[in-house]
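Asker: Provided herewith is a single structure, encoded as structure tokens, for subsequent inquiry.
The values are calculated or read from the model by the stated rules, or taken from the named source; none is laboratory data. In this text the structure is predicted, and so the values were computed from the model without any measurement. Please note: Cβ atoms are built from the backbone with ideal geometry, for glycine as well, and neighbour counts cover all protein chains shown.
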Amino acid sequence: MTGEMNLETLLRTMTAKLHDGTYVFATLPHRDVPAGLNARMVFQESEGTTLILLRNEAQAHNLPFEFPCRMITLNVHSALEAVGFIARISTELAKAGMGVNPVAGFFHDHLFVPEGREQDALKVLERIAARTAAT
């Protein structure tokens, strides 16, 4: 199953969904994820295991964490090989003074933006889609 590769189509047709809850990034020095922990993402790095999970789950498991953020899903099925999609979005968010931690899933891209800036991010995403549709 292949996703969309055309940059203009991706930008023009994307919509964004803000998820409930505050997410955080945590790391474990080993590969053992605590039982009962429901991380949104687990990624193995040589220095440790990175977790993206809800803040209340990190607190319940006494995990130190950083970067309280909100998760926005881009509702367009972007191909994993698509060129420039996240680059364009991250550039526009940077112009608005906002960092972003993007994560590519098989079907969608997900943006983790600083807590408190999620509405700003949604407005930027709406502008990108509207501007692309107008051209």
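Asker: So, Glu81, is that one more than 28 Å from Leu10 (Cα to Cα), acidic (Asp, Glu) and modelled with pLDDT under 95 or not?
Answerer: So Glu81 does not fit the description; no.
Asker: Just name the residue that is farthest from Val113 (Cα to Cα) out of those in the stretch 17-44 that are part of a loop (DSSP other than H, G, I, E, B) and of a type in the set (Val, Ile, Thr). Spell out the reasoning first.
Answerer: Residues of the stretch 17-44 part of a loop (DSSP other than H, G, I, E, B): 19-22, 29-40.
Still in the list and also of a type in the set (Val, Ile, Thr): 22, 33.
Working: Thr22: 10, Val33: 24 Å.
Taking the candidates together, the pick is Val33.
Asker: When residues of the stretch 83-109 are filtered for being part of a loop (DSSP other than H, G, I, E, B), surrounded by 15 or more Cβ atoms within 10 Å (Cβ to Cβ) and not hydrophobic (A, V, I, L, M, F, W, C), how many remain?
Answerer: Selection size over the stretch 83-109: 1.
Asker: Another question, then. Take the residues of the stretch 45-82 that are in a loop (DSSP other than H, G, I, E, B), among the hydrophobic types (A, V, I, L, M, F, W, C) and within 17 Å of the chain's Cα centre (by Cα): which is surrounded by the most Cβ atoms within 10 Å (Cβ to Cβ)?
Answerer: Ranking the candidates gives Val76 first.
Asker: Please work out which one of (1) without any contact (Cβ under 8 Å) to a residue 60 or more places away in the chain; (2) assigned to a helix (DSSP H, G or I) is the condition Glu8 fails and give its number.
Answerer: (1)
Asker: Can you pull out the residues in the stretch 110-126 that are touching a helix residue (DSSP H, G or I) at 6+ places or on another chain (Cβ under 8 Å), within 19 Å of Ser78 (Cα to Cα) and either in a strand (DSSP E or B) or of a type in the set (D, E, K, R) (or both)?
Answerer: Scanning the stretch 110-126 gives a single hit, Leu111.
Asker: Further question: If you scan the stretch 1-34, which residues turn out to be hydroxyl-bearing (Ser, Thr, Tyr) and either exposed (fewer than 13 other Cβ atoms within 10 Å of the Cβ) or under 15 Å from Phe107 (Cβ atoms) (or both)?
Answerer: Thr2, Thr13, Thr15
Asker: In addition: What residue, of Thr27, Thr13, is more than 19 Å from Phe67 (Cβ to Cβ), hydroxyl-bearing (Ser, Thr, Tyr) and touching a strand residue (DSSP E or B) at 6+ places or on another chain (Cβ under 8 Å)?
Answerer: After applying the criteria, what remains is Thr13.
Asker: Which of the residues belonging to the stretch 42-82 are free of Cβ contacts under 8 Å to residues at least 40 places away in the same chain and at positive phi?
Answerer: Passing the criteria: Gly48, Asn62.
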